[in-house]
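Below: one structure, written as structure tokens.
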Amino acid sequence: MWGSIIPGGYRKSAVNTEAIDLTFSTAQTGFGSLSEKFRIKGNGNIGIGTNNPTRPLSFPAALGEKILLYPAGGGEVGIGVYNNELRIHTDYAAAKISFGYQDNAGIFTQTMWLNNTTSVLTVAGTAYPSDERFKKQITAIQNPLQKLMSLNGVEYYMRKEEFPEMNFSNNRQTGLIAQEVEKVMPSAVYEINDKGYKGVDYAKLVPLLIEAIKEQEARIQILENQLKKDQHE
């Protein structure tokens, strides 16, 4: 049985068996050909654009943009799936995507945000698990200065026109070549997509810098001691 009543000033629709789905459809004129828009299954699952929702809220694969919001500044912000990729996006140039928390007083504090115009991710801080109790087979970095000397700091522009999907900056960049880093510090290089393009985790180069400076300082100290010895002879 299906029913629709208005208790206490609001409309309530219900079915009294889980075997029946509640569907919502529209037609261009009158009671012509109906087009189903969304469905509530008897088990509570809701499907928008699909008549067989298998999750509490389901969308068909054909819907690239699933949930869209329209901020006061214009444009749209949405959550969707595109080519097996979960996207949180905005098409409004002045918008940014923020992550944070809201306290009991309703005050929102940003902890991470992405600027839409510069593609710069800003965070309040980052931390990597580094407790000694997590680690085993700890060894010193071998030949750190030699490894560091094999790397070349370079300036460059990204090939933005050839890789529009990467949203590269137009500005001149400073960095390293991933293939060179991989030869001496493979743990700092990752494949960033399924096409095999590589990226560098620059934070992992800090230990190499520390050990290279220490090795260089030890060499300088030996030379200084030798110079002092020669001066007194």
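Tell me, yes or no, whether the range 195-208 has at least one residue that is assigned to a loop (DSSP other than H, G, I, E, B), among the small types (G, A, S) and closer than 30 Å to T118 by Cα. Yes, there is a match, as at least one residue in the range 195-208 is assigned to a loop (DSSP other than H, G, I, E, B), among the small types (G, A, S) and closer than 30 Å to T118 by Cα.
Any idea how many residues of the range 53-71 are modelled with pLDDT under 85 and either under 16 Å from F24 (Cβ atoms) or buried (at least 16 other Cβ atoms within 10 Å of the Cβ) (or both)? Selection size over the range 53-71: 5.
Within the range 80-123, the set of residues being more than 27 Å from N193 (Cβ to Cβ), out of contact with any Gly (no Cβ under 8 Å at 6 or more places or on another chain) and not in a strand (DSSP E or B) comprises D103, N104, A105, G106, I107. In the range 127-158, the residue that is farthest from V184 (Cα to Cα) out of those that are assigned to a loop (DSSP other than H, G, I, E, B) and touching a residue at least 40 places away in the same chain (Cβ under 8 Å) is Y128. Out of curiosity, is M112 of a type in the set (A, V, I, L, M), touching a Phe, Trp or Tyr at 6+ places or on another chain (Cβ under 6 Å) and under 30 Å from Y92 (Cβ atoms)? In short, yes. Is at least one residue of the range 78-98 among the hydrophobic types (A, V, I, L, M, F, W, C), loosely packed, with under 14 Cβ neighbours inside 10 Å and at pLDDT 80 or above? Within the range 78-98 (the criterion being among the hydrophobic types (A, V, I, L, M, F, W, C), loosely packed, with under 14 Cβ neighbours inside 10 Å and at pLDDT 80 or above), the answer is no, since none of the residues qualifies. If you go through the range 177-207 and keep only what is aliphatic (A, V, I, L, M) and without any contact (Cβ under 8 Å) to a residue 60 or more places away in the chain, you end up with I177, A178, V181, V184, M185, A188, V189, I192, V200, L205, V206.
Screening T174 on (1) loosely packed, with under 13 Cβ neighbours inside 10 Å; (2) touching a residue at least 12 places away in the same chain (Cβ under 8 Å); (3) assigned to a loop (DSSP other than H, G, I, E, B); (4) of a type outside the set (D, E, K, R) shows it passes everything except condition (3).
The values are calculated or read from the model by the stated rules, or taken from the named source; none is laboratory data. These numbers come from a predicted model, not from an experiment. Glycine also receives a Cβ, built like all others from the backbone with ideal geometry; neighbour counts cover every protein chain displayed.
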